[in-house]
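The values are calculated or read from the model by the stated rules, or taken from the named source; none is laboratory data. Small disclaimer: the values here were computed from a predicted structure and weren't measured. Note: ideal-geometry Cβ built from the backbone for every residue, glycine included; neighbour counts use all protein chains shown. Accessible surface is based on the protein model in full, side chains and every heavy atom, while ligands, DNA and RNA are left aside. Shrake-Rupley method; radii C 1.70, N 1.55, O 1.52, S 1.80 Å.
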Amino acid sequence: MRFLGLSAYYHDSAAALVEDGRIVAAAQEERFTRQKHDARFPANAVQYCLETAGTTLSGIDHVVFYDKPFLKFERLLETYLAFAPKGFASFRMAMPVWLREKLFQKDLLKSELRKLDKAFDPKKLLFTEHHMSHAASAFYPSPFAGAAVLTMDGVGEWATTSLAIGQGSDLCMEREIHFPHSLGLLYSAFTYYTGFKVNSGEYKIMGLAPYGEPRFAKVIRDNLIDLKEDGSYHLNMDYFDYATGLTMTNGRFDALFGGPPRKPEQLLTQREMDLTASVQAVLEDAVLALTRSIARETGHKNLCLAGGVALNCVANGKILRDGRFENIWVQPASGDAGGALGAALYASHAFANAPRQAVRPGGDGMSGAYLGPDYGQQDIEARLAAAGAKFTVHGDDELIAIAAQAIAAGSAVGWFQGRMEFGPRALGNRSILGDARSPEMQQILNLKVKYRESFRPFAPSVLREDVAGWFEIDVDSPYMLMVADVAKEHRRKMTPAQEALFGIDKLNVPRSDIPAVTHVDYSARIQTVHSDTNPRYHALISKFKQITGCPVIVNTSFNVRGEPLVCTPEDAFRCFMGTRIELLAVGNCILRKEDQDPSLQQNYETAFEPD
């Protein structure tokens, strides 16, 4: 049976297609529309999934939406009633939208699906609960026959944190913590307060935290969150405005932390760095309390993670090193986009009783998260030629040698190969690559290629067989969802003056033999690269190792600030022309910046001027 999963109408809409329990395709709508965090009905993603499966909507047995709108509406009404008369302004703004659109989401979904197929049968439309979608997205593709499944996010219908138990094809929800008490919303409150965008800037908080000291952690623990030993928690809503207001925090929160929220255009100060370090420390405490309690109570040795908080790879690394679980698997699309996949998987296994798919030893059911569109060589050449690109075509070995040599020479290299990744991370198919040994590479990529904040770290891609020699970790981490420290033998000793530096001044001090991927606390967000899931990317890094002796390169997403990951060869060429990427490999085509039409380059550079 075929199931089409959908997420939409909040942020990061997506579609995923599952056939007899096997994941066939999955993609986010933003990649096709070029509108970051596109929340509209994922018509393009749906069309892609259908085409990949070789079917039409009439060939789908059920379409499954990732949450239940009526339960969300119930939560909205009960929350406003509980806090009344406070929050009337927010209530007045929210109600027309709900009464006009969201309350009747089932009808809206039917209408959108009938645009794709006039004969669509509305009886085929199913709904799962939000946290069950997340839990299913984590458990069913995992390599585990049985596992505890922890989901943590902002909020679904009511649940903000939940525990499910998976065994075989069965997945049962055991317990939940409900809104307004939420680890995700606590973290988002500090995202807002430090001047970043809620629902997209949380990863910046994680990246900024090592520059600070957690001097506000005690203030947070004493005033904002009551955390119990078993991981249950309660937020003090006197300091938050998100339940009924128009902002995340309020005046009492401002007074507690000594001032108003930072405006996005204001310079970052040590205060913001210390705030981010503090909330990161408290989040890690809460997550470890939860996972230790789950291990103790369930006896399970395997843990699956999903929900937006599961993208906090620093916390994930702490869970791994804590050792309460023997094995941990994190859904690479842990946010709402992954809910589309989870909805389809839950229906396939729980509704249609499809058996779990067998996976290779050490593998999983995600196919490396390479679930998006790919392009044949002839199609690539035609598309690049139509865009005005000048390129040469090479055999596989020659292409890999050219790209590896360019990286070793200090160039920023665009790498567009195979199927696009599903989820927020570029994993070697839609990536910008650089030399991890270069002390300048982080700033070059941030300021001249990505056009983003200079403090943000980059991730290393490392050959799986070499990871233990370069980092203090020896497990698979194919999705960049684990953080570990650089191995001691590759660290550089700091001088007393360097050790005394504070905040952003730490940025320019090389701390290891691979400074471009070493954060100021010696940590790195690791991607292990495996020859069986991505043989071409593995071959590229192997060639780089042959040239340099180093099996580690910089890997960052192929996009610029404010844009989603590139989807098509034309997107890749446009990004290449508008930035300081010096060489681009698309399929077996090599594009060099000096070969391109200068007038075309000037047009693209204007389009990509930094914010």
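So which residues in the stretch 431-466 are open to solvent by less than 10 Å² (accessible area, probe 1.4 Å) and more than 25 Å from Phe573 (Cβ to Cβ)?
Passing the criteria: Ala436, Phe455, Pro460, Val462, Leu463.
Consider the stretch 164-186. How many of its residues are in contact with a Leu (Cβ under 6 Å, 6 or more places away or on another chain) and open to solvent by 10 Å² or more (accessible area, probe 1.4 Å)?
So the count comes out to 3.
So which residues in the stretch 117-134 are farther than 10 Å from Gly339 by Cβ and part of a helix (DSSP H, G or I)?
Pro122, Lys123, Lys124 - these are the residues of the stretch 117-134 that are farther than 10 Å from Gly339 by Cβ and part of a helix (DSSP H, G or I).
Looking only at the stretch 187-212, count every residue that is modelled with pLDDT of 95 or more and surrounded by fewer than 19 Cβ atoms within 10 Å (Cβ to Cβ) and tell me the total.
1
Against the definition (touching a helix residue (DSSP H, G or I) at 6+ places or on another chain (Cβ under 8 Å), surrounded by 22 or more Cβ atoms within 10 Å (Cβ to Cβ) and in contact (Cβ under 8 Å) with a residue 24 or more places away in the chain), how does Leu584 come out, yes or no? Steps first, answer last, please.
Details: touching a helix residue (DSSP H, G or I) at 6+ places or on another chain (Cβ under 8 Å): yes; surrounded by 22 or more Cβ atoms within 10 Å (Cβ to Cβ): yes; in contact (Cβ under 8 Å) with a residue 24 or more places away in the chain: yes.
Criteria met by Leu584.
Could you tell me whether Ala516 is small (Gly, Ala, Ser), in contact (Cβ under 8 Å) with a residue 40 or more places away in the chain and touching a Gly at 6+ places or on another chain (Cβ under 8 Å)? Spell out the reasoning first.
Values: small (Gly, Ala, Ser): yes; in contact (Cβ under 8 Å) with a residue 40 or more places away in the chain: yes; touching a Gly at 6+ places or on another chain (Cβ under 8 Å): yes.
Yes; evaluated as a whole, the condition is true for this residue.
Output the residues belonging to the stretch 453-473 that are out of contact with any Gly (no Cβ under 6 Å at 6 or more places or on another chain), assigned to a loop (DSSP other than H, G, I, E, B) and closer than 23 Å to Ala333 by Cα.
Answer for the stretch 453-473, where residues must be out of contact with any Gly (no Cβ under 6 Å at 6 or more places or on another chain), assigned to a loop (DSSP other than H, G, I, E, B) and closer than 23 Å to Ala333 by Cα: Phe458, Ile473.
Looking for something within 30 Å of Glu381 (Cβ to Cβ) and either surrounded by fewer than 23 Cβ atoms within 10 Å (Cβ to Cβ) or acidic (Asp, Glu) (or both) - is there at least one such residue anywhere in the stretch 509-530?
The answer is yes, given that some residue of the stretch 509-530 is within 30 Å of Glu381 (Cβ to Cβ) and either surrounded by fewer than 23 Cβ atoms within 10 Å (Cβ to Cβ) or acidic (Asp, Glu) (or both).
Go through the residues of the stretch 73-95 one by one and say whether even a single one is at pLDDT below 95 and touching a strand residue (DSSP E or B) at 6+ places or on another chain (Cβ under 9 Å). Give the derivation first.
First pass over the stretch 73-95, keeping only residues at pLDDT below 95: 73-95.
When the remaining residues are screened for being touching a strand residue (DSSP E or B) at 6+ places or on another chain (Cβ under 9 Å), the result is 75.
Yes, the stretch 73-95 has at least one match.
Inside the stretch 531-552, can you point out the residues that are in a helix (DSSP H, G or I), open to solvent by 20 Å² or more (accessible area, probe 1.4 Å), β-branched (Val, Ile, Thr) and touching a strand residue (DSSP E or B) at 6+ places or on another chain (Cβ under 9 Å)? Show your work before the answer.
In the first step, residues of the stretch 531-552 are kept if they are in a helix (DSSP H, G or I); the result is 535-548.
Now narrow it down to the ones that are open to solvent by 20 Å² or more (accessible area, probe 1.4 Å): 535-536, 538-539, 542-543, 545-548.
Add one more test, that the residue is β-branched (Val, Ile, Thr), and what stays is 547-548.
Scanning the stretch 531-552 gives a single hit, Thr548.
Filter the stretch 561-581 down to the residues that are open to solvent by 10 Å² or more (accessible area, probe 1.4 Å) and part of a helix (DSSP H, G or I) and list them by number.
Once the filter is applied, which keeps residues that are open to solvent by 10 Å² or more (accessible area, probe 1.4 Å) and part of a helix (DSSP H, G or I), the stretch 561-581 yields Glu570, Asp571, Arg574.
From Leu445, Leu427, which residue is under 21 Å from Ala310 (Cα atoms) and either in a loop (DSSP other than H, G, I, E, B) or at pLDDT below 95 (or both)?
Values: Leu445 fails: under 21 Å from Ala310 (Cα atoms).
Exactly one of Leu445, Leu427 is under 21 Å from Ala310 (Cα atoms) and either in a loop (DSSP other than H, G, I, E, B) or at pLDDT below 95 (or both), namely Leu427.
Here are the criteria: (1) open to solvent by 10 Å² or more (accessible area, probe 1.4 Å); (2) in contact (Cβ under 8 Å) with a residue 40 or more places away in the chain; (3) part of a loop (DSSP other than H, G, I, E, B); (4) within 24 Å of Lys318 (Cβ to Cβ). Tell me which single one Val483 does not satisfy.
Against the list (1) open to solvent by 10 Å² or more (accessible area, probe 1.4 Å); (2) in contact (Cβ under 8 Å) with a residue 40 or more places away in the chain; (3) part of a loop (DSSP other than H, G, I, E, B); (4) within 24 Å of Lys318 (Cβ to Cβ), Val483 comes up short only on (3).
So, Asp397, is that one in a helix (DSSP H, G or I) and open to solvent by 60 Å² or more (accessible area, probe 1.4 Å) or not? Before you say what the answer is, go through the steps one by one.
Working: in a helix (DSSP H, G or I): yes; open to solvent by 60 Å² or more (accessible area, probe 1.4 Å): yes.
For Asp397, the condition - in a helix (DSSP H, G or I) and open to solvent by 60 Å² or more (accessible area, probe 1.4 Å) - is met.
Identify, by number, the condition in (1) of a type outside the set (S, T, N, Q); (2) open to solvent by 30 Å² or more (accessible area, probe 1.4 Å); (3) modelled with pLDDT of 95 or more; (4) not in a loop (DSSP other than H, G, I, E, B) that Ala344 doesn't meet.
(2)
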